[in-house]
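Reviewing the structure listed below.
Bear in mind these aren't lab numbers, they're just calculated from the coordinates by the rules spelled out. Note that the structure is a prediction, hence the values are computed from the model and not measured. Heads up, the Cβs are rebuilt from the backbone with ideal geometry, glycines too, and the neighbour counts pull from every protein chain shown.
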Amino acid sequence: MTHKKVGINVIQNMIFATGIGIACGVTMLERFITLHPIAIFNDLDEKNMDMLQPLFEPFSCRAGTIVLKQGTPADHIYLIVRGKVEVSYKPYDGTPITVSHLEKNGLFGWSAVVGSEKYTSSATAIEDLEALRIRGSELRKFCSEYPEAGRDILERLANGVSSRWTDAHAQVKSILMQGMRDTQH
């Protein structure tokens, strides 16, 4: 790797981390420690991380905030940096059911990735929340433009989502792959 390439990567990382740090009210050092690496991207190669990183944006909110609501447009998938969310599902004829509690490195809002028009569950911050989010459409575009990297990213997302359910990895990966195929047509 050339010095010029290293310099550009450092500058890009500093700009990214500074922007998030300002938005979330934390120092750049704290941000580097918590952002790099995010668990599901631990060993993602540098080239793919450099291409993917600009697609993410910071998101933060106070405890009690409804981050996403079942039935609303499924725009973003979220990766938790700090805090905790409760994911719930409301049957049409009943009261909401808590599906999961997610903490640091947790992933929610995956309806946005599979191409669903609406979120199939709700997520509420139960602690102050700092997250990174990416538009499902941007992630699908990335996966389409960079198929090899896309397969790796989908594998990682499937691992992140399926860790909540025993033996669900293959099913979640299948759902993600089908959603990618359906939205490309």
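Ordered by the number of other Cβ atoms lying within 10 Å of each residue's own Cβ, fewest first, ASP45, ASP93, ASP128 fall into the sequence ASP93, ASP45, ASP128. Footprinting exposure proxy ranking of ILE97, ILE80, ILE126, fewest other C-beta atoms within 10 angstrom first, gives ILE97, ILE126, ILE80. Rounded to the nearest Hz, the phi-derived 3J(HN,Hα) couplings of region 126-137 under the Karplus curve 6.51 cos²θ - 1.76 cosθ + 1.60 (θ = phi - 60°) are 9, 9, 3, 10, 10, 9, 10, 9, 9, 5, x, 5, where x marks glycine and proline. When HIS101, HIS76 are arranged by Cβ crowding within 10 Å, least crowded first, meaning fewest neighbours, the order is HIS101, HIS76. Once backbone amide H atoms are built at 1.01 Å from N, VAL67 has ALA123, THR124, ALA125 as its partners under 5 Å, excluding neighbours fewer than 5 places away on the same chain. In this rough spin-label picture, where each label sits 7 Å from Cα along the Cβ direction, the ARG151-ARG82 distance is 3.8 nm. Under a 5 Å amide H cut-off, with hydrogens placed 1.01 Å from N, LYS104 pairs with GLY83 among residues at least 5 apart or on other chains.
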